[in-house]
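Below: one structure, written as structure tokens.
The values are calculated or read from the model by the stated rules, or taken from the named source; none is laboratory data. Remember, it's a predicted structure, so these values are computed and weren't measured experimentally. Note: ideal-geometry Cβ built from the backbone for every residue, glycine included; neighbour counts use all protein chains shown. Side chains are part of the model used for accessible areas, which takes the heavy atoms of the whole protein and leaves out ligands, DNA and RNA. Shrake-Rupley method; radii C 1.70, N 1.55, O 1.52, S 1.80 Å.
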2 protein chains.
Amino acid sequence: MDMNQIWQWTTEEFLTVSASSSPTPGGGSVSAFVGAQAASMACMVANLTIGKEKYKEVEPQVKEILSQGETVLNALKTGLSQDIAEFSNFMAVLKLPKGTDEEKAVRATKMQEVLISATDTPLGIAQNCFKVLQLAQELAPIGNKGAISDVGVAAYLAESALKSAMLSVDINLPQIKDPGYQERVKAERARLFEQAAVICAETVAVVQSRL
Amino acid sequence: MDMNQIWQWTTEEFLTVSASSSPTPGGGSVSAFVGAQAASMACMVANLTIGKEKYKEVEPQVKEILSQGETVLNALKTGLSQDIAEFSNFMAVLKLPKGTDEEKAVRATKMQEVLISATDTPLGIAQNCFKVLQLAQELAPIGNKGAISDVGVAAYLAESALKSAMLSVDINLPQIKDPGYQERVKAERARLFEQAAVICAETVAVVQSRL
């Protein structure tokens with residue numbers, strides 16, 4: 001299977017290749033895809049709200065949620081493709097020669113670059129999942145009551161995709177020799193975990209009250 | 001798009017149709033698909049463990065996990081197709097005539113049948129997501145260390161897919177006029193939520209200790 005054509009794979013092929021011993025798509029990619037599915041549920045509820053007489057008053061707000069939902073869905077699709085690219089970049093660096101001191105130095109520098117990139121990518125996926133959570137929170141009290149459970153689905157899936165993507169951050173971060181970078185990422189990780197749990201619980205509570 | 005051909009849709013089409021105002025695939029279907037992706041991650045780690053000298057001792061156990069993982073992945077694929085079928089069955093009953101008392105009685109009986117079926121299906125999806133969680137828990141201490149984060153991904157995604165699928169149960173259950181059925185489903189719902197949270201937390205803790 002051509003990893004660059006992943007959006008042309010069938011849903012069945014996606015599951016089959018994910019389940020196989022092929023290292024890609026791995027957890028980071030699947031997290032991005034689940035985040036995109038969460039975004040798609042928020043977009044669906046927005047689409048089922050817009051144009052309905054009963055929800056005319058909130059229509060401008062819901063249109064804005066839809067627009068942002070589409071943007072974040074596309075960002076998560078890009079995140080999946082990046083996650084796959086990170087893996088081949090990492091493999092390429094692993095294969096660099098390490099015979100001479102100069103080669104070792106070049107390899108070490110490239111390794112740090114690729115580790116930072118392979119941390120930034122899942123962190124970006126997690127940040128986009130957080131945006132999906134914020135959209136679900138905004139939509140929960142105003143979205144079409146007939147489809148409101150799917151806003152709960154968006155919240156649950158976005159939160160777990162955020163945490164799943166962060167596992168890739170956890171793998172790479174300890175190997176990055178830049179204390180400032182480590183601190184910044186750890187702080188952002190803690191912030192996202194904490195706020196995501198609060199937003200998810202609040203959103204589901206609003207959804208349950210409107211079922 | 002032909003809903004019966006959903007496994008032949010491209011990943012891109014799946015996201016596009018999910019995000020559209022088409023009511024299917026909705027939250028139940030997406031939950032089943034995410035559960036299947038969680039299962040695929042457990043299968044991938046099992047596949048990356050089997051055949052490796054370092055993990056020879058646990059190979060029989062991991063082969064059993066893989067076999068069960070493949071079974072539950074297929075069950076979740078079937079669950080998605082069922083979830084889509086439930087929606088058209090429900091719509092068909094909604095369209096039944098309700099002019100005479102006899103028509104009303106037939107319609108009410110059919111409605112109860114379709115509501116029970118539309119509750120059993122997402123409950124079955126949730127139960128299969130729970131099986132994925134149990135497989136992730138078993139794999140966490142023995143799976144290939146180099147891919148162990150993906151067992152954490154499996155656990156996070158399976159738990160959220162379980163909770164997402166249960167939202168469809170929450171919608172339909174109050175309308176089912178069978179107190180015994182309601183009691184049984186509520187008890188199973190509570191059991192799954194409680195145990196899933198414990199297993200997910202334990203599994204992620206083991207994964208974090210092996211990163």
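Of all residues in region A:19-61, those satisfying the criterion of being among the hydroxyl-bearing types (Ser, Thr, Tyr) and within 13 Å of the chain's Cα centre (by Cα) are A:Ser29, A:Ser31, A:Ser40. Could you please give the count of residues in region A:40-53 that are more than 7 Å from every other protein chain (Cβ to nearest Cβ) and either open to solvent by less than 10 Å² (accessible area, probe 1.4 Å) or in a helix (DSSP H, G or I) (or both)? Residues meeting the conditions: 5. Just a yes or no: is a residue in region B:144-155 open to solvent by 10 Å² or more (accessible area, probe 1.4 Å) and touching a Phe, Trp or Tyr at 6+ places or on another chain (Cβ under 7 Å)? Within region B:144-155, one or more residues are open to solvent by 10 Å² or more (accessible area, probe 1.4 Å) and touching a Phe, Trp or Tyr at 6+ places or on another chain (Cβ under 7 Å). Of the residues in region B:123-132, not one is away from chain A (no Cβ under 14 Å), of a type outside the set (S, T, N, Q) and touching a Lys or Arg at 6+ places or on another chain (Cβ under 7 Å).
One residue stands out in region B:161-175 among those that are over 14 Å from B:Leu192 (Cβ atoms) and at the interface with another protein chain (Cβ under 9 Å from one of its Cβ atoms): the one that is most open to solvent (accessible area, probe 1.4 Å), namely B:Pro174.
Restricting to region A:152-184, give me the number of residues that are more than 16 Å from the chain's Cα centre (by Cα) and farther than 23 Å from A:Met44 by Cα. So the count comes out to 14. Could you pull out the residue among B:Thr71, B:Thr109 that is open to solvent by 70 Å² or more (accessible area, probe 1.4 Å), free of Cβ contacts under 8 Å to residues at least 24 places away in the same chain and within 14 Å of another protein chain (Cβ to nearest Cβ)? That would be B:Thr71, the only listed residue that is open to solvent by 70 Å² or more (accessible area, probe 1.4 Å), free of Cβ contacts under 8 Å to residues at least 24 places away in the same chain and within 14 Å of another protein chain (Cβ to nearest Cβ).
So B:Ile84 fits all but one of (1) closer than 24 Å to B:Val132 by Cα; (2) open to solvent by 70 Å² or more (accessible area, probe 1.4 Å); what number is the exception? All conditions are met except number (2). Set side by side, the residues B:Thr10, B:Thr24 differ, and just one is at negative phi and either within 7 Å of chain A (Cβ to nearest Cβ) or at pLDDT 95 or above (or both), which is B:Thr10. Residues in region A:27-37 that are more than 8 Å from chain B (Cβ to nearest Cβ) and out of contact with any Gly (no Cβ under 6 Å at 6 or more places or on another chain) were compared, and the one that is surrounded by the fewest Cβ atoms within 10 Å (Cβ to Cβ) is A:Ser29. Candidates B:Glu188, B:Glu202: the one that is closer than 25 Å to B:Met111 by Cα, touching a residue at least 24 places away in the same chain (Cβ under 8 Å) and either acidic (Asp, Glu) or not in a helix (DSSP H, G or I) (or both) is B:Glu188.
Residues of region B:183-211 being of a type in the set (Gly, Ala, Ser) and either over 12 Å from B:Ile148 (Cα atoms) or surrounded by 14 or more Cβ atoms within 10 Å (Cβ to Cβ) (or both), which ones? B:Ala187, B:Ala190, B:Ala196, B:Ala197, B:Ala201, listed by residue number.
Of the residues making up region A:3-29, those that are in contact with a Phe, Trp or Tyr (Cβ under 9 Å, 6 or more places away or on another chain) and either hydrophobic (A, V, I, L, M, F, W, C) or outside any helix (DSSP H, G or I) (or both) are A:Met3, A:Ile6, A:Thr10, A:Phe14, A:Leu15, A:Val17, A:Pro23, A:Thr24, A:Pro25, A:Gly26. Take B:Leu80 and tell me if it is in contact with a helix residue (DSSP H, G or I) (Cβ under 6 Å, 6 or more places away or on another chain) and either away from chain A (no Cβ under 14 Å) or more than 23 Å from B:Ser22 (Cβ to Cβ) (or both). Considered against the rule, which asks whether it is in contact with a helix residue (DSSP H, G or I) (Cβ under 6 Å, 6 or more places away or on another chain) and either away from chain A (no Cβ under 14 Å) or more than 23 Å from B:Ser22 (Cβ to Cβ) (or both), B:Leu80 comes out as no.
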